[in-house]
1. Could you order peptides 351-362, 98-109, 198-209, 284-295 by the average number of other Cβ atoms within 10 Å of their residues, highest first?
2. Simple spin-label model, 7 Å along Cα-to-Cβ: D362 to D502 in nm?
3. How big is the C-alpha Rg of the range 468-577 next to the rule-of-thumb value 2.2 N^0.38 Å, as a ratio?
4. Using the Cα atoms of the range 251-337 to build a convex hull, what is its mean projected area in square nanometres?
5. Please find the FRET efficiency linking I437 to N518, where r is the Cβ-Cβ separation and R0 is fixed at 25 Å, and quote it to the nearest 0.05.
6. Any chance you could run the full-extension gain for S485 through S216? It's 0.36 nm times the residue separation minus the Cα-Cα distance, nm to one decimal.
7. Which number do you get for Rg(Cα) / (2.2 N^0.38 Å) in the range 359-422?
8. For the modelled label position 7 Å from the Cα of S105 along Cα-to-Cβ, which residues of the range 352-374 have backbone nitrogen atoms closer than 18 Å?
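Derivation of every value follows stated rules applied to the coordinates shown; laboratory data play no part. This one's a predicted model, so the numbers in the text were calculated from it and none came from an experiment. Neighbour counts run over all protein chains shown; Cβ positions are idealised from the backbone, glycine included.
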Amino acid sequence: MRISAKSIVAFTAVLSVLVSSIIAEPYYKSKEDYLNRQPSVIRLDRPATFKSSYEKAAASISGPPDIDAVWTGATTWMSGINWGGETYGGSIAKGINFFGSNIASGNYVPIRIIFQTGVPNQSLCRTFRRDLGYATGGVGTFPGQAYDISNPGSPRRLNICFVEDNNASPVNLAWDPNGTTGGSWPGKREYIYVMNSNYDGNGMTYNGTNGYTGASLLDILYNWWPLVASGHTFFENQPCTLTITPYYLRNMMAVPDTNKITLNWSYSGGGSVNHYNIYYGATSPANVLLDQVSSSSTRYVHSGLSNGQNYYYRVEADDAARSIIAKSKEVNVTTQNVASNLNLLDFWNDRGEYGGCWGYTDSATGHEYGLLACRNEGISIIDLDVSPIQEVGFMPLMTPGKDSKEVKVYGKYAIVISEYEPAQIFDISNVSAPVKIANVMNITGDGTNGAHNCMVDGNYLYVIGNHDVGGLQIWNITNPAAPASVGTFQPFYYHDVDIYRDTLIAFGIYGQGIDLVNIGNKASPSLIRRFNYPGSGSHNGEFLQGRQFVAIGDEIGTMGNHTRMFDLRDLDNINKIYDIIVDPSAVAHNCYARNDTLFIAHYTEGVRMWDVSNPFGPMELGHYDSFLPAIYGYYGVWNVFPYFASGRIIISDMQSGLFLLKPPTPPSCCVGTRGDFNGDAADANILDLTYLVDRIFRGGPASPCPIEADINSDSTPSNILDLTFLVDRIFRGGLPPGPC
């Protein structure tokens with residue numbers, strides 16, 4: 001929603017008070033830290049639901065299925081901790097995406113856990129001790145059983161393992177999680193492992209195996225971080241069941257728009273698909289046959305719908321005999337306008353659990369590609385100049401599951417940064433066959449730990465957040481096949497940086513502050529100035545107007561996780577000058593500037609586009625919201641790349657992949673000028689003022705701009721408020737005009 005500049009200023013003080021109450025979530029430097037996360041805050045302004053078109057499983061193009069989980073019983077007395085899992089409120093995932101597993105992609109089976117007390121019903125289980133590094137901890141008991149229900153007439157009983165932690169509660173070799181949500185031990189951390197092996201009856205199958213370091217060798221089907229549901233008690237009724245179902249017709253996604261919904265899916269199961277049946281309904285389950293499409297179709301547009309209505313969808317794959325060979329999860333979505341001044345061109349979602357994105361342009365052809373981090377797998381190369389956009393190449397992790405986070409480009413080379421393994425450098429001149437060329441051990445020191453991000457500037461690579469050393473490493477990559485270490489700067493852990501000429505700005509996410517660093521001498525960087533702000537959790541930032549100003553995104557601070565503007569013109573008196581607050585409960589992530597436009601990847605609020613030509617009074621120009629569930633937190637848009645020559649931008653959504661967007665083409669009066677309302681290609685001046693006076697008081701010709709000089713962006717064109725706005729702009733250097 002657009003509001004006037006005066007309204008923005010007036011609301012800032014109120015919003016600043018509101019954001020101070022946000023409880024921030026810590027940054028995770030290890031997988032264990034990641035699993036410590038608390039549930040996200042439920043929004044109060046939208047219907048709360050986790051079953052949305054954007055909730056999908058992590059999967060690969062050829063690989064593992066989506067999963068869903070359903071509880072049955074008189075009451076749902078067990079829930080779970082949302083650690084970023086795939087289903088059941090984010091508490092359940094495939095084993096490969098928790099600690100690891102050796103289960104092959106096509107070997108996932110539907111399982112049912114039956115909860116029932118009493119000796120005849122219990123299962124003997126191998127336990128793992130989290131307080132002892134996940135070493136085996138003896139034979140424990142689980143009040144119930146687990147079954148493979150692939151053949152409902154003859155279910156196969158399975159082994160269950162679970163975790164105990166003596167720091168949370170004295171070890172008793174019994175699965176009995178509690179309802180604690182705070183502190184370090186939510187639910188007592190009694191994780192469940194559902195195994196693919198036949199039940200042994202004695203709990204000895206996995207004796208001597210470490211449940212964390214050895215997880216990749218175990219046949220773990222599914223992991224669950226359980227929690228007694230709020231307002232309920234452990235085993236308040238029984239028997240109850242939890243059914244986990246794999247779906248090989250996967251990546252089911254429904255993208256809403258005004259009066260239409262676009263469905264997208266992929267298929268990775270066995271058998272030959274003859275056609276797909278598309279079902280929908282106004283309520284669940286979706287049982288009305290909408291259409292039947294060929295096996296070559298993986299996208300369908302349902303148009304002519306009423307805006308603001310909720311719809312449910314699912315897809316089935318049939319073979320030539322019209323037998324069902326695969327089903328999708330059911331999704332629901334509401335038709336609505338999700339964008340302003342950013343148009344969706346296409347999207348891609350054929351893998352899963354995404355991180356950062358970047359752009360690559362073939363210098364010989366001008367062909368544009370999106371590079372997308374698929375966190376458990378590697379980096380996907382997506383051709384943006386075909387329709388639909390599609391993956392044409394891939395740069396894999398050395399070890400699956402090591403969290404491919406970010407990617408940057410140096411000429412025809414891609415630098416892949418992973419959180420838990422060394423960086424890799426690929427030659428992507430042939431995008432369909434990337435070739436790894438770097439000695440990866442050189443990038444992170446000991447060859448085992450990873451880093452969080454990197455930046456390329458000139459012939460230098462800046463590695464940030466290296467888990468060996470923490471701060472900044474500088475590498476000369478003139479020869480990308482043999483990066484040469486140049487220097488380091490290590491005051492504390494840096495999370496991200498930006499560079500303008502010989503000045504680097506680095507962000508200490510854990511409250512240490514923001515450093516301005518002289519990198520003129522790459523071998524010996526030096527601190528220019530350090531500044532901070534109350535409750536800081538600075539994550540990333542962008543220099544503006546050279547290095548006169550900076551926009552800083554706060555991800556985990558205690559005084560509001562939004563974007564702040566600072567004036568750097570006097571380094572002895574650095575001041576915050578503006579708060580960009582999209583929603584006081586939402587979290588900002590990465591931001592990048594192209595000229596005077598700042599693009600903010602704003603997690604659950606989508607990508608936001610702001611005019612920052614006047615850093616003292618930014619104006620929002622547009623947005624696209626790719627994440628619509630009614631929650632806040634660390635979901636949705638991770639990154640944005642706004643630097644393609646075509647003017648297109650890409651965003652990476654953590655749950656839904658890559659979106660290709662483009663701002664509308666501005667009218668000629670808007671290109672390269674500010675306030676050129678008479679179309680003479682000059683910035684706001686006295687001629688534009690007389691033009692507007694003539695328009696308002698004498699009914700003169702309309703402005704060349706389609707909005708007819710709505711300078712203050714209050715949706716009322718050419719009135720006295722626009723006139724005072726323009727007077728302030730011309731004679732007193734006030735706030736800039738709106739889109740034109």
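1. Numbers: 351-362: 22.6, 98-109: 18.9, 198-209: 15.2, 284-295: 13.2.
Top of the packing list down: 351-362, 98-109, 198-209, 284-295.
2. Simple spin-label model gives 4.0 nm for this pair.
3. My calculation over the Cα atoms of the range 468-577 gives 1.09.
4. Values: hull surface 20.5 nm².
Hull-based average projected area comes out at 5.1 nm².
5. On the way: r = 32 Å, r/R0 = 1.26.
Once the sixth-power term is evaluated, E becomes 0.20.
6. On the way: separation 269, 0.36 × 269 = 96.84 nm, distance 3.35 nm.
Once the chain is fully extended between S485 and S216, it gains 93.5 nm.
7. Working: Rg = 12.1 Å, N = 64, 2.2 N^0.38 = 10.7 Å.
That ratio works out to 1.13.
8. The answer is 352-354, 372-374, whose backbone nitrogens lie closer than 18 Å to the label point.
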